[in-house]
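Encoded as structure tokens, the structure appears first; notes follow it.
Read the figures in this text as sums done on the coordinates, not as results from a lab. Computed from a prediction, not measured in an experiment: that's the story for all the values here. Every residue, glycine among them, receives a Cβ derived from its backbone with ideal geometry; neighbour counts consider all protein chains shown.
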Amino acid sequence: MMNIRSWSGLPFPESSRWIALHWTSETPFTWSNDVLLPRGCGRSYGDVCLPSQTAVLCTPCDRIRRFDRERGIICLEAGARISDILRLTIPAGWTLPVVPGTAQVTIGGAIANDIHGKSHHWAGTFGRWVERLELLRSDQRIVCTPCDNAELFRATIGGLGLTGIITWAELQLVPTRSPWLETRNIAFSTLDEFFAITAEIEQNTEYVVGWCDLSVAGRIRGIVHASSFCDENAQSRTPRPSSANLPTLPVSVWTQATVRVANTLRWQMLSRRPIVREHYSQAFFPLDHVPWNRLFGRRGFYQLHAVIPRQIERTGIDRIVARLWEAKLPVPLCVLKRFADIASPGMLSFPIAGTSIAVDVPNTAHASAALKAIITDVVEMGGRVYPAKDALMTALHFQRMYPHWQRLEKLRDRRTCSQFWERVTHVTSP
Ligand SMILES: Cc1cc2nc3c(=O)[nH]c(=O)nc-3n(C[C@H](O)[C@H](O)[C@H](O)COP(=O)(O)OP(=O)(O)OC[C@H]3O[C@@H](n4cnc5c(N)ncnc54)[C@H](O)[C@@H]3O)c2cc1C
């Protein structure tokens, strides 16, 4: 048994095993009759990264196969991490168009959840930049592109690891000017202000995201972080990676009182720094410098990440925030992001045009009930909850939010399955 968890603390099932893929030429489907699930860095919050039976650790296959510095095309094994890729490509003048809030994510994981970042307004999702990938299925090895084996390609982008093991992928990068970003911190004190600032700033800024303080019921305030790469090397010293080491605390540090203090300090610090120049490792991945998940104690936490469609985004986000206040939940992190009207390539991709809200909440029975009620609201509003972050939605919720799930189920390799898929579709592994 492997003593690992999902990022928010869901335990690896007691009966499950793990094996590791060291070479992309290996075929783990022939090693046993188990039902497998590829696994990257385990940075998914919920049970999409927990196997029904056996996890196949893909991180040892992390080699860069080819990097075309003229055209900005990189071909790499799917266990390669975003941190390693950027370390190679940014000094050569290229970056990944889509990065999440942590650099400890593999290319396989990024494709399988069709991740998005603060660049959604021009880049869309990660899958839009995948040119080719190889899929290892229980009965074949197959190269998929948007044109060849296109249905399997669309099922694999955002396919939650269920169509087989991605062994390598070829990605298109975008040019960049330096490893440094300039970030403007712009304060807002109503949701209307957040929407107005974001809509305007997206016109000429590469990365946009909103941090929101909900710690006082009835008062919303926050900061829009608007960042673009600097034109030249703003500073010459690269920050040393911080090794934030902390054992998991016995209980969560987050109560309504501690959240209020932490948010007040953050608000004061950010309001005093209207413009900041930071290395990309700090600007893109602030949570990699804090042992965030350990602060929630042994019970872990929930992240609810939902998107509300454009037409009703204002009232929808209001409704979710009101529910959070009503339930008196401590919310140490709340992030708002607007998604543009850029079609996502995957059958089960999460982003739709609208606004997304992500909240972290300590795991308690009360939080679980309150968040489930919010998910029901999201479904009614025609929105979606992000499977990569989910531990709470029911099969009914999922199937209404992702009506294409049956197309994925048809293309699922019968020798792959996850705890998530069993939960939301009621399929069972043999
Ligand atoms: C601090 C933090 C911030 C984050 N910010 C964002 C964000 O801004 N935007 C966003 O979209 N997400 C975000 N995430 C979520 C994260 O990007 C995704 O969960 C991502 O998929 C995790 O990748 P992983 O390598 O850890 O994969 P895992 O979590 O191990 O697995 C994720 C899924 O990918 C599948 N998979 C993994 N490797 C392969 C492979 N080789 N072949 C086929 N399938 C595979 C697994 O089966 C599983 O279904 C964040 C997570 C954290 C912890």
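Quote to one decimal, in nm, the extra length available between L246 and T264 on full extension: 0.36 nm per residue of separation minus the C-alpha distance between them.
4.1 nm
By the gyration tensor of its Cα atoms, with a ≥ b ≥ c the square roots of the eigenvalues, what is the shape of region 183-303: rounded for a/c under 1.5, prolate for a/b over b/c, or oblate?
oblate
Which order, highest average first, do 373-379, 257-263, 302-308 follow once you tally other Cβ atoms within 10 Å for each residue and take the mean per peptide?
302-308, 373-379, 257-263
Could you tally up the Lys pairs in the chain with alpha carbons closer than 27 Å? Skip any pair fewer than 8 positions apart unless they're on separate chains.
So the count of such lysine pairs works out to 10.
Using only alpha carbon pairs under 8 Å that are at least six residues apart, calculate the relative contact order of the chain and give it in whole percent.
Reported as a whole number, the value is 19 percent.
At E380 and Q140, where each label point lies 7 Å from the Cα along Cα→Cβ, what is the point-to-point distance in nanometres?
According to this spin-label approximation, the distance is 4.6 nm.
Picking from A187, N113, V143, whose Cα lies most toward the positive end of the charge dipole for region 109-235 (charges on Cβ: Lys, Arg +1; Asp, Glu -1)?
The residue sitting farthest along the positive end of the dipole is N113.
Report the FRET efficiency, 1/(1 + (r/R0)^6), for Q311 and D68, where r is their Cβ-Cβ distance and R0 is 35 Å, rounded to 0.05.
Working from the Cβ atoms, E equals 0.25.
Order these peptides, 125-134, 102-111, by their mean beta-carbon neighbour count within 10 angstrom, highest first.
102-111, 125-134
Pick from D114, D231, D413: which residue has the top mean-square fluctuation in a GNM of the chain where Cα pairs under 10 Å get a spring?
Judging by the Gaussian network model, the answer is D231.
Would you kindly state how much longer the chain becomes between A199 and R407 on full extension, computed as 0.36 nm times their sequence separation minus their alpha carbon distance, in nm to one decimal?
71.4 nm
In what sequence do L270, L76, L37 fall when counting other Cβ within 10 Å, fewest first?
Neighbour counts put them in this order, fewest first: L270, L76, L37.
Mind listing the phi-derived Karplus ³J(HN,Hα) values for region 64-73, rounded to whole Hz, using 6.51, -1.76 and 1.60 with θ = phi - 60°, and x for any glycine or proline?
Listing the rounded values in order: 8, 8, 7, 9, 8, 6, 7, 9, x, 10 Hz.
Considering the chain, which cysteines have no disulfide-compatible partner, defined as another cysteine with its Cβ under 4.7 Å away?
C41, C49, C58, C61, C75, C144, C147, C230, C417
Largest first and in whole Å, what are the equivalent-ellipsoid semi-axes of the chain based on the Cα gyration tensor, each being the root of 5 times an eigenvalue?
32, 27, 21
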